[in-house]
Amino acid sequence: MNVLKVMNITINETDEECVVIRLKDYNDFMFANYAEFQKLHSRTVQLKKREEKQDDVESRRIEHIKRQELREQEHEERRKKYIEMQIIQNKYNNERLRKEKEEVAETHKEILDSNPEAKIQMCRFCKKYRINPIHFVDTDGKKYLKSYNKDNQYLKAACCVTCYDEVLYKKEERRMEHTYFCNTCQSTIIAFGEDTIIKHNSSIKHKKNENKQNYDKQKTTINLELLSLKELQSICSKSSTEEGTYLISNYTKTKKQDLIKKMYDVYDKLVFDFY
Ligand SMILES: [Zn+2]
Ligand SMILES: [Zn+2]
């Protein structure tokens with residue numbers, strides 16, 4: 001490649017020392033080295049990318065550590081706060097219990113003073129201070145007991161009279177809530193579940209009453225004129241007075257119209273159960 005001339009040119013306010021070569025020479029040179037340039041260029045790009053990637057991984061790692069530290073810090077702060085709260089709460093509770101105990105002792109001073117066996121005791125159910133024995137034992141000397149559920153097992157433990165009464169009251173209330181009046185039987189049923197009602201409704205007693213009611217209903221609607229003489233006689237055959245005598249005498253020999261008239265006179269006493 002021949003350099004034709006060396007010259008100083010000002011480009012963008014900078015003095016540059018340049019050489020002048022033929023454009024053909026330049027093109028030949030560039031073309032011959034193009035592949036080399038390409039390789040160099042792509043290597044540079046790759047290197048740059050790798051560096052960037054490493055930077056990225058590193059920064060993410062740092063970020064992660066920072067976040068974790070922050071989380072741990074927050075967690076620790078929360079734990080500390082919780083403990084502080086617990087201490088305050090315990091203090092408050094202890095103070096409250098102390099006051100309650102004092103009040104109970106004050107209220108029941110006479111009992112405590114006169115009975116050396118009497119002592120203040122907390123009820124495990126309502127967590128209130130009461131006096132043992134007067135609040136925990138009935139007049140027959142029997143302990144008040146209340147059942148509770150633990151691990152799906154029903155257990156019983158001593159409770160105070162207030163808790164005991166509450167259970168009784170609830171039981172009574174529950175009983176009242178589940179008391180039904182059966183119109184058919186004119187009687188009261190206590191049913192804690194649908195089953196009991198279904199059972200009642202299919203009981204012999206209920207069915208009997210139901211039949212009786214239906215029968216009473218039918219009775220008022222029976223039109224004697226529509227019945228055959230044989231049917232009328234059949235009804236009469238079952239109808240008797242308290243002494244056992246038939247209400248309608250000679251019913252087998254009475255004419256249909258006369259029999260119907262006689263039957264209407266004693267209608268309430270007729271037995272229609274062949275229907
Ligand atoms: Zn209690
Ligand atoms: Zn019934």
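The values are calculated or read from the model by the stated rules, or taken from the named source; none is laboratory data. Since we're looking at a predicted model, the values are computed, not measured. Reconstructed Cβ throughout: ideal geometry from the backbone, glycine too, with neighbour counts over all protein chains shown. Each accessible area value is taken on the protein alone, full model and side chains, heavy atoms only, with ligands, DNA and RNA left out. Shrake-Rupley method; radii C 1.70, N 1.55, O 1.52, S 1.80 Å.
The table below gives the values:
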read-out: Farthest positive-ward along the chain dipole, Cα basis, beta-carbon charges - from A105, H64, F192; value: F192
read-out: Residue range of the chain that is longest and free of GluC sites (Glu not before Pro) which are both DSSP loop and sparsely packed (at most 16 other C-beta within 10 Å); value: 118-241
read-out: Number of Lys pairs (Cα under 23 Å; 8 or more positions apart or on different chains) in the range 42-98; value: 5
read-out: Gyration tensor (alpha-carbon) shape descriptor, the range 9-55, a/c threshold 1.5; value: oblate
read-out: Sum of -39500 (n - 2.57) over DSSP H runs of 4+, divided by residues of the chain (222 nm, nearest 500); value: -19000 deg cm²/dmol
read-out: Estimated dipole of the range 159-275 in Debye, rounded to 20 [Cβ of Lys and Arg +1, of Asp and Glu -1, Cα centre]; value: 640 debye
read-out: Loop trypsin sites (Lys or Arg not before Pro), the range 88-125 (other Cβ atoms within 10 Å of the site Cβ: 16 or fewer; DSSP); value: R124
read-out: Choice from V167, V137, V20 with maximal GNM fluctuation in the chain (Cα, 10 Å cutoff); value: V20
read-out: Candidates R50, R78, R175: whichever shows maximal mean-square fluctuation once the chain is modelled as a Gaussian network with Cα springs under 10 Å; value: R50
read-out: Fraction of accessible area attributable to carbon and sulfur, the chain (%, probe 1.4 Å); value: 51 percent
read-out: Proximal aspartates and glutamates to K262, defined as alpha-carbon separation beneath 17 angstrom and excluding residues fewer than eight positions away on the same chain; value: E225, E231
read-out: Count, lysine Cα pairs under 28 Å in the range 155-226, 8 or more residues apart or across chains; value: 15
read-out: Choice from Q89, Q121, Q46 with maximal GNM fluctuation in the chain (Cα, 10 Å cutoff); value: Q46
read-out: Accessible area in square angstrom per residue, the chain, 1.4 angstrom probe; value: 84 Å²
